[in-house]
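Q: One structure, as structure tokens, below. Some questions next.
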Amino acid sequence: MNPVSYERAADVEQAVRMAQQPGARFIGGGTNLLDLMKGGVETPQRLIDISRLPLAAITELPQGGVRIGALARNSDTANHALIRQRYPLLTQAFLSGASPQLRNMATVGGNLMQRTRCYYFYDTAFDMCNKRKPGSGCAAKEGHNRIHAILGASEHCIATNPSDMNVALAALDAVVRVRGADGERAIPIADFHTLPGDTPQRDTTLRPGELILGVDLPPPLFADHAHYLKVRDRASYAFALVSVAAALQMDNGVVRQARIALGGVAHKPWRATAAEALLVGKPLDDALLRQCATAALAGARAYEHNGFKITLAQRAITRAVRIAGQTA
Ligand code: SF4
């Protein structure tokens, strides 16, 4: 058993100050961190409870964007009128994740920080896991890798990001606002999560002691044509084998703008920018959808048990983009 101290932060400034101490971790909803601590995967020395900070509001920004506080609960965010009306893609992604009980507790900031569900990462009986124990090796590469990455992996780690919310945020070009000892900064979602490279122990570009304040969504462009498709082993309370966030701007049946982000396939939400570019200026038809799906998976690499994900992702893209094009 590892001793851990508990402190409650009275305000954001105090939380950031407390987080400068070695071994400190913020705790909000705790739906992931407490599991990791119980399993001995994470061993913080200090827990800084931020759950009572005033960071749960969901408010309008100028030009129609929306600011979501880091402590907004997943359920509240999914069902908020501003999100439902302007970003239905995000509502769909939230409601496809976890269970109602977990969504009632989990926060947007915690969802951004959710760690991979790689079996070997969670099971400390396995010595080999570069993410948990840098330099120890990757048990999944030669082990059971059905749920693992097919894009952007490295020889050091083939884990995937498990969040549905992150995939929708990637398609929507959200911006993460953070506060550290040196002040506030804004991180585009594309730069927030990392690929494993040779530092698989890192999941994000957050600096030590930085607190997530919230997420800004740009003015809504895709409220009429968006679809989140999640493919999983059972109908609820399961992580995505593959998911697709598809968002289109349509004009008389022609695609004006396209966003496609994939979940369950990489260490971070995977934006399929080449596939998006193929769609622009064209009407959606079967041949174009097939081309788009092929382009999105260019460069995919399968391991022993997850080759099925390449075809699955291509079919999911075709379906999600087609449905997005139809909605109005
Ligand atoms: Fe660890 Fe990553 Fe390999 Fe899983 S895939 S065992 S998290 S190094």
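The values are calculated or read from the model by the stated rules, or taken from the named source; none is laboratory data. Model, not experiment: these values are computed from the prediction. Cβ sites come from the backbone with ideal geometry, for glycine too, and all protein chains shown count toward neighbours. Ligands, DNA and RNA are stripped out before the accessible areas are found, and what is left, the full protein with its side chains, is counted by its heavy atoms. Shrake-Rupley method; radii C 1.70, N 1.55, O 1.52, S 1.80 Å.
Q: May I ask for the percentage of alpha-carbon pairs in the range 1-155 that lie more than 27 Å from each other?
A: More than 27 Å apart: 38 percent of the Cα pairs in the range 1-155.
Q: Same structure again: Ranked by accessible surface with a 1.4 Å probe, highest first, in what order do ARG25, ARG86 come?
A: ARG25, ARG86
Q: Still on this structure: Applying 1/(1 + (r/R0)^6) with R0 = 22 Å to the Cβ-Cβ distance of ASP35 and TYR6, what FRET efficiency is obtained, to the nearest 0.05?
A: That gives a FRET efficiency of 0.80.
Q: How many times 2.2 N^0.38 Å is the alpha carbon radius of gyration of the chain?
A: Ratio of Cα Rg to 2.2 N^0.38 Å: 0.98.
Q: Right, another one. Restricting attention to the range 147-212, which GluC sites (Glu not before Pro) occupy a DSSP loop and are surrounded by at most 16 other Cβ atoms within 10 Å?
A: Those that pass, being in a loop and sparsely packed, are GLU155.
Q: Would you be so kind as to identify which of ALA295, PRO269, HIS305 lies farthest towards the positive end of the dipole of the range 204-328, taking Lys and Arg as +1 and Asp and Glu as -1 on Cβ and the Cα centre as origin?
A: Of the candidates, HIS305 comes out farthest on the positive side.
Q: Dividing the convex hull volume of the Cα atoms of the range 112-169 by its residue count, what figure in Å³ per residue is obtained?
A: Dividing the Cα hull volume of the range 112-169 by its residue count gives 89 Å³.
Q: Still on this structure: Pairs of Cα atoms under 8 Å, at least six residues apart: use those to get the relative contact order of the range 114-200, whole percent.
A: Relative contact order of the range 114-200: 28 percent.
Q: Counting only heavy atoms of the protein chains, get the accessible area per residue of the chain (1.4 Å probe) and round it to a whole Å² value.
A: On a per-residue basis, the chain sits at 44 Å².
Q: Continuing with this model, one more query. Using alpha carbon coordinates only, what is the Rg to Rh ratio of the range 233-288, with Rh defined as the Kirkwood radius?
A: 1.07
Q: A follow-up question, please. What accessible area, in Å² to the nearest ten, does a 1.4 Å probe give for ASP123?
A: The accessible area comes out at roughly 60 Å².
Q: Then there is this: Determine one quarter of the surface area of the Cα convex hull of the range 152-300, which equals its mean projected area, and express it in nm² to one decimal.
A: One quarter of the hull surface, i.e. the mean projection, equals 10.4 nm².
Q: Round to a whole number: what % of the accessible area of the chain belongs to carbon and sulfur, probe 1.4 Å?
A: Percent of accessible area from carbon and sulfur atoms in the chain: 51.
Q: Magnitude of the Cβ-charge dipole of the chain, K/R +1 and D/E -1, about the Cα centre, nearest 20 debye?
A: For the chain, the charge dipole is close to 420 debye.
Q: Roughly how many Å² of ARG84 are accessible to a 1.4 Å probe, to the nearest 10?
A: My reading of the accessible area for ARG84 is about 120 Å².
Q: Given R₀ = 41 Å, FRET efficiency for ARG256-ALA181 by Cβ-Cβ distance, to 0.05?
A: That pair, ARG256 with ALA181, gives E of 0.45.
Q: Continuing with the same structure: What length, rounded to one decimal in nm, is gained on full extension from SER136 through to ARG322, with 0.36 nm per residue of separation minus their alpha-carbon distance?
A: Once the chain is fully extended between SER136 and ARG322, it gains 62.6 nm.
Q: Could you give the Stokes-Einstein D for the range 226-326 in µm² per second, using the C-alpha Kirkwood radius, 25 °C, 0.890 mPa s?
A: For these conditions, the coefficient is 181 µm²/s.
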